[in-house]
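Data block below; observations after.
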Amino acid sequence: PKGVWEEEFPKVKDKLISSTLYAGKIKKTYEKRKILIKNSVSLAPSLDSYGKQYQISKKPKLIEKVAFKKKVIRKSKLDSSVIVMGTSTGGPKTLRSILRRIPKVFPIPICIVQHLDSFFMKEFSKSLNQVSEIEVKIPENGEKILPGIAYLSPGGKHMQLIQKSNEPYIRIFEGEPVNFCKPSIDVLFFSAAEIYKNQVLGILLTGLGNDGAAGLEAIKNEGGRTIAESEETSVINGMPKAAVQRGAAELVVPNYRISEKMIEFG
């Protein structure tokens, strides 16, 4: 393979082969499928399709900071906040470890894009509910966004945040792949930046390629807060590294620190 795959694919080769061989031995029952999900790897390629205006700029690698810096903000018309998260390869395990630390009474909705197909997404949602104190669900198109719920994008469709009468809603739609991905993290992040402005926390986790890097930059430019997972804990550091290189991440922290930052934001 060429492009981003030429460099990144060999890094996950052994894991992909072992996962494939393991999957071949699993019977198609509900309990066995849960085991497969736990050990699955998402390898959706993630290239930036937005053109030259989103070329990655070479900037010095950020080091971990203890707190967010003050900045000029652009106020949203909404009277609520949101946390948006995006991840790909290595994401299921990382999301599980983060969400299980979020308290039951959490005042902010969380919207998540994970690069997985529709079958795995449904089962993954069930498995997250088993370890999370907050509700995790795959939303319907047109569903109103409520606090204390984690909304997981359905596989094979984009998830976008929209505003109706100063209230936030979720739009689920087919559309073309963005960065070769559907769902795309950038679609979620750009929409969150547009309607929530300074009242959004964007988090980009482990994954191959650079889906989400431009969207994280948009959140930062609108006055929102931004976090990228550090190389220390990333299974594949492609997406977080792309965000750091373009200066989109205010904080670069290991995944075991991210739930703490989410609670601080709340």
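The values are calculated or read from the model by the stated rules, or taken from the named source; none is laboratory data. Predicted model, so just to flag it, every value in this text is computed and none were measured. Glycine also receives a Cβ, built like all others from the backbone with ideal geometry; neighbour counts cover every protein chain displayed. The protein model used for the area step is the full one, side chains on, heavy atoms only, and it has no ligands, DNA or RNA in it. Shrake-Rupley method; radii C 1.70, N 1.55, O 1.52, S 1.80 Å.
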Item to check | Breaking point among (1) within 18 Å of the chain's Cα centre (by Cα); (2) under 18 Å from Ser259 (Cα atoms), for Glu133 | outcome: (1)
Checklist entry - Taking the stretch 81-133 on its own, how many of its residues are under 23 Å from Glu217 (Cβ atoms) and in a loop (DSSP other than H, G, I, E, B)? => result 7
Next on the checklist: Condition first: farther than 25 Å from Gly209 by Cα, open to solvent by less than 10 Å² (accessible area, probe 1.4 Å) and outside any loop (DSSP other than H, G, I, E, B). Now tell me which residues in the stretch 134-167 satisfy that.
Outcome noted: Val136
Checklist entry - Can you pull out the residues in the stretch 98-138 that are among the polar types (S, T, N, Q) and farther than 19 Å from Met239 by Cα? => result Ser118, Ser125, Ser127, Asn129, Gln130, Ser132
Checklist entry - When you go through Ser97, Ser76 one by one, which is the residue that is over 16 Å from the mean Cα position of the chain (by Cα) and open to solvent by 10 Å² or more (accessible area, probe 1.4 Å)? => result Ser76
Checklist entry - Pick from the stretch 103-133 the residues that are of a type in the set (Lys, Arg) and more than 22 Å from Gly266 (Cα to Cα): which of them is surrounded by the fewest Cβ atoms within 10 Å (Cβ to Cβ)? => result Lys126
Checklist outcome for this item: In the stretch 229-245, residues that are buried (at least 21 other Cβ atoms within 10 Å of the Cβ), touching a residue at least 40 places away in the same chain (Cβ under 8 Å) and outside any helix (DSSP H, G or I) total 5
Next on the checklist: When you scan the stretch 187-194, do you find a residue that is surrounded by fewer than 22 Cβ atoms within 10 Å (Cβ to Cβ), more than 15 Å from the chain's Cα centre (by Cα) and assigned to a helix (DSSP H, G or I), even just one?
Outcome noted: yes
Next on the checklist: For the stretch 113-166, which positions are within 19 Å of Ser80 (Cβ to Cβ) and in contact (Cβ under 8 Å) with a residue 60 or more places away in the chain?
Outcome noted: Ile145, Pro147, Leu161, Gln163, Asn166
